[in-house]
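Student: Before we start, here is the structure in question, set down as structure tokens.
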Protein chains: 2
Amino acid sequence: MNTVDTRTKILDVAQDLIQRVGVNAMSYRDISEAIGIRNAGVHYHFPTKDGLITALLERYSDDVLSLLDQIIASPESAETKLRRYFALFETTLLSGNQDKACLGGMLGAENESLDAALTEKVANFYRANERRLAVILVEGQQSGAFKFAGDAETMAVLVFSTLQGGMLLSRVKGDGTEYRAILERLVRMLKG
Amino acid sequence: MNTVDTRTKILDVAQDLIQRVGVNAMSYRDISEAIGIRNAGVHYHFPTKDGLITALLERYSDDVLSLLDQIIASPESAETKLRRYFALFETTLLSGNQDKACLGGMLGAENESLDAALTEKVANFYRANERRLAVILVEGQQSGAFKFAGDAETMAVLVFSTLQGGMLLSRVKGDGTEYRAILERLVRMLKG
DNA sequence: ACACTACCTTACTAGTAGGTAAGTAGTCCT
DNA sequence: AGGACTACTTACCTACTAGTAAGGTAGTGT
């Protein structure tokens, strides 16, 4: 179906735009021009902008979390799993003109200009990441790879915060390598 | 002068709005309605939006950095200085409806829809924070309060990343206490 | 009394925002 | 062949965007 293709194209372009310029700087016109259809054609697939962003976040969340689950299920060490998780977002950061952030981060920053249901979905995406990070951290704690005081849950929130903040800083400063340096240092701290 | 008052009011309202909804969701109309003058009256003080945001960032940067310098110059311990630095941003986060982020963070997220000069100013704000954080970290390292491997500069970038990411997460999840928990944990990690 | 300036106002512009109603070309099913 | 469905199109809407030109007015200095 050509429909599916167009729908996917819309989501792809919208995601790219939001990761670059943010939700409020992305318009239906930008999308329609990028894929070569008319403004109303985009509205046919996604009647409202909130609906489009909701669909986008769901797709993104499913993609990221399933990749993350694959990493957790792999037979590798906790340290390797953590690094592979970090690399997931590094790929986004280093793609194209090195100006793309995490979709969740962008939606989080602009969440007050979104509707309440979307804010909750963004929060759930964060929590889902943190839960999975906690699993990796506990695994590393038990294997002796990670040594840190206190509960793994709070540490997971800290790690996710550093990841999101690291992407922000790295992108603004135009230095894609900084992200890696930050998280490499974090891994070393976790190893004790 | 009434001029100064209006100019200050414009900056205050604009800052509040940007910290809440972001740069692109804030309009001259929002500002004019909030302070009770007409749209053109705002343009009298700040002809262009980029100019307004530039002035805003400069004021914000000066404010934050001078407070930070005061903290560094105080006779307190490095650990206390670090906590007071974190508390600076916590005040913003917990003010009003607990929906305000760091201005630097918001401008960083939406930096691609700003002009290039502004992006550089945001990056410089980040670097200025990191430099001052590095001073505190070195001080703590020398006094024995902080124990960490590697250079203080990279650690300063990590700390600032965690701070920015922590604000983002805390705000999205609507839990203002999370920020404190994250940075408290970070302090404990730095103490070794 | 008069000019000058600072600080606004009214009234406007061109462009863009998200969104809609009605029409159309192609495809599928009976 | 006829009808229904999908995936668009053209043409339009109202509201809002940043920004401007010209005018008014209050206060100040001479």
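The values are calculated or read from the model by the stated rules, or taken from the named source; none is laboratory data. Note that this is a predicted model, so its numbers are computed, not measured. Every residue, glycine among them, receives a Cβ derived from its backbone with ideal geometry; neighbour counts consider all protein chains shown. Calculation scope for accessible area: heavy atoms of the full protein, side chains included, ligands and nucleic acids excluded. Shrake-Rupley method; radii C 1.70, N 1.55, O 1.52, S 1.80 Å.
Student: Taking the Cα centre of the range B:74-166 as the origin, how large is its charge dipole in debye, to the nearest 20, when only Lys and Arg (+1) and Asp and Glu (-1) carry charge on their Cβ atoms?
Tutor: 300 debye
Student: Hey, what did the range B:115-177 get for relative contact order, percent, Cα under 8 Å, at least 6 apart?
Tutor: Numbers: 23 pairs, mean separation 18.7, N = 63.
Computed value for the range B:115-177: 30 percent relative contact order.
Student: Moving on to the next point. Straight distance only, please: which aspartates and glutamates reach the Cα of residue A:147 with their own Cα at less than 19 Å, same-chain residues fewer than 8 apart left out?
Tutor: Those aspartates and glutamates meeting the cut-off are A:76, A:79, A:130, A:139, A:184, B:184.
Student: Let me ask you something else. So for the pair residue B:124, residue A:177, with labels modelled 7 Å out along Cα→Cβ, what separation do we get in nm?
Tutor: 2.4 nm
Student: Under 18 Å Cα-Cα from residue B:49, which aspartates and glutamates qualify once same-chain neighbours fewer than 8 residues away are excluded?
Tutor: B:12, B:16, B:30, B:33, B:58, B:110, B:112, B:115, B:120
Student: At 1.306 mPa s and 10 °C, plugging the Kirkwood radius over alpha-carbon pairs of chain B into Stokes-Einstein gives what diffusion coefficient in µm²/s?
Tutor: My calculation gives 90 µm²/s for D.
Student: Please report, in debye to the nearest 20, how large the charge dipole of the protein assembly as shown is about its Cα centre when each Lys and Arg carries +1 at its beta carbon and each Asp and Glu carries -1 there.
Tutor: With only Lys, Arg, Asp and Glu charged at Cβ, the dipole is about 440 debye.
Student: Given the options A:105, B:57, A:77, identify the residue whose Cα lies farthest towards the positive end of the charge dipole of the protein assembly as shown (+1 on Cβ of Lys, Arg; -1 on Cβ of Asp, Glu).
Tutor: So the residue we want is A:77.
Student: Cross-link candidates for residue A:100: which lysines have Cα within less than 16 Å, leaving aside residues fewer than 8 places away along the same chain?
Tutor: A:173
Student: Here is a follow-up. Take the Cα radius of gyration of the range A:118-191 and divide it by 2.2 N^0.38 Å, with N its residue count; two decimals is plenty.
Tutor: Scaled against compact globular proteins, the figure is 1.19.
Student: Per-residue HN-Hα couplings for the range B:24-40, Karplus 6.51 cos²θ - 1.76 cosθ + 1.60 at θ = phi - 60°, whole Hz, x for Gly and Pro?
Tutor: 7, 9, 9, 10, 4, 5, 3, 5, 4, 5, 5, 9, x, 10, 7, 3, 5
Student: Across every pair of different alpha-carbon atoms, what Kirkwood hydrodynamic radius in Å does the range A:43-111 reach?
Tutor: For the range A:43-111, inverting the mean 1/r across all distinct Cα pairs yields 13.8 Å.
Student: Of B:11, B:124, B:88, which is farthest along the charge dipole of chain B in the positive direction, counting Lys and Arg as +1 and Asp and Glu as -1 at C-beta?
Tutor: So the residue furthest toward the plus end is B:88.
Student: If each Cα of the protein assembly as shown is one equal point scatterer, what is log10 of I(q)/I(0) from the Debye formula at q = 0.07, 0.09 Å⁻¹?
Tutor: Those come out to -0.32, -0.53, one per q.
Student: Do any GluC sites (Glu not before Pro) in the range B:1-91 lie in a DSSP loop with no more than 15 other beta carbon atoms within 10 Å, and if so, which?
Tutor: B:76
Student: About the Cα centre of chain B, what is the dipole size in debye to 20, counting +1 per Lys and Arg Cβ and -1 per Asp and Glu Cβ, all else neutral?
Tutor: 340 debye
Student: Same structure, new question: Which order do you get for A:4, A:13 if you rank them by accessible area with a 1.4 Å probe, largest at the top? Kindly include the intermediate steps, with their values, before the conclusion.
Tutor: Numbers: A:4 85, A:13 30 Å².
Correct descending sequence by accessible area is A:4, A:13.
Student: Put a dot 7 Å past each Cα toward the Cβ at residue B:94 and residue B:30; how far apart are the dots in nm?
Tutor: Placing both labels 7 Å along Cα→Cβ, they lie 2.6 nm apart.
Student: Post the alpha-carbon centroid distance, the range B:43-115 to the range B:120-192, in whole angstrom.
Tutor: Taking the Cα centre of each part, the range B:43-115 and the range B:120-192 sit 15 Å apart.
Student: A further question follows. Using a 1.4 Å probe and counting only protein heavy atoms, how much accessible surface gets buried when A and B come together, both sides summed, in Å² to the nearest 100?
Tutor: The A and B chains share an interface burying roughly 3700 Å².
Student: Right, next: Within 10 Å of each Cβ of B:105-117, how many other protein chain Cβ atoms are there on average?
Tutor: For peptide B:105-117, the averaged partner shielding equals 5.
Student: DSSP loop (so not H, G, I, E, B), at most 16 other Cβ within 10 Å: list which chymotrypsin sites (Phe, Trp or Tyr not before Pro) in the range B:1-77 pass both filters.
Tutor: none
Student: So what is the relative contact order for the range A:54-191, in percent, with contacts set as C-alpha pairs under 8 Å and at least six apart?
Tutor: After rounding, I find 28 percent.
Student: Hey, can you grab everything whose amide H is under 5 Å from the amide H of residue B:37? Only 5+ residues off in sequence or another chain; H modelled, so Pro and N-termini drop out.
Tutor: Placed amide hydrogens put nothing under 5 Å from residue B:37.
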